[in-house]
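K.L.:
Before anything else, here's the structure in question.
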Amino acid sequence: MLSGLAGGWLLYGWSIQALSSILLVVSALVISLTDFRYQVVPDRLTLPGICVGLLIAAISAHISLADAVVGGVAGFGILYILAWAGDKILKKESMGGGDIKLAAMLGVFLGWQQLGLTVFLAAASAIAYLLLRRLITGAAVRSRLPFGPFLAWCGICAFVIGDWLASAYVGGGVPV
């Protein structure tokens, strides 16, 4: 946890962006531990996180308030639609409401621009984890898996290197 705090200040100095990264790292840690152990993403973190993210967007230059609002709505909407489709296809609950609210919180902190990267990385890493777990332990690929930790940590990756990845993709090379 201390390294997450120090990392925010090392990357961004004394700034609102550093505060944002620190809040994301601390939230990701608590959400990951809770979701892996109890299969719950606590509203006590996500709902206040949405409010704090909107406040930070209102006072910082890192992300505009409009991008934060659109990101929050998009995060909620995208995961809500995925959960609805998963429920219809699997004929059972495929994703909990906590994951949906977590995506909204991440959308507020990251903006809509980095939200797609976050969801893509989270889905890809969750699939890779399931396949690797299947190879190592023989567990069924369809076994229950908390998605919150994948969303949270991939959101941090998008926060830290998302702009760099986007410019590498659009520019056709890796910027230095």
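K.L.:
Among all the aspartates and glutamates, which ones have a C-alpha under 20 Å from Lys92's C-alpha, if same-chain residues fewer than 8 places away are not counted?
P.N.:
Hits, sequence-local ones excluded: Asp35.
K.L.:
Picking from Ala139, Ala123, Ala28, which is most flexible by a Gaussian network model of the chain using Cα springs under 10 Å?
P.N.:
Ranking Ala139, Ala123, Ala28 by mean-square fluctuation puts Ala139 first.
K.L.:
Using the charge dipole of the chain (Lys, Arg: +1 at Cβ; Asp, Glu: -1 at Cβ; taken about the Cα centre), state which of Gly86, Ile50, Met105 has its Cα farthest towards the positive end.
P.N.:
Value: Gly86.
K.L.:
Out of (i) 21; (ii) 29; (iii) 51, which label holds the value of percent of Cα pairs over 26 Å apart that was computed here?
P.N.:
Label (ii) holds the value from this structure.
K.L.:
Per DSSP H run of n ≥ 4, the term is -39500 (n - 2.57); total these for the chain, divide by its residue number, and report the mean residue ellipticity at 222 nm rounded to 500 deg cm²/dmol. Can you show the working numbers first?
P.N.:
Values: 7 runs with 141 residues, N = 176.
-27500 deg cm²/dmol, from helical runs alone.
K.L.:
Then there's this: Charges at C-beta only: +1 for Lys and Arg, -1 for Asp and Glu. How large is the resulting dipole of the stretch 44-176 about its Cα centre, in Debye rounded to 20? If you can, show how the numbers build up before the last one.
P.N.:
Details: 9 positive and 5 negative charges, 130 e Å.
With only Lys, Arg, Asp and Glu charged at Cβ, the dipole is about 620 debye.
None of the figures in this text is laboratory data; all of them are computed from the coordinates on show. Predicted model only: the values in this text are computed from it and were never measured. Every residue, glycine as well, gets a Cβ built from its backbone with ideal geometry; the counts of neighbours run over all protein chains shown.
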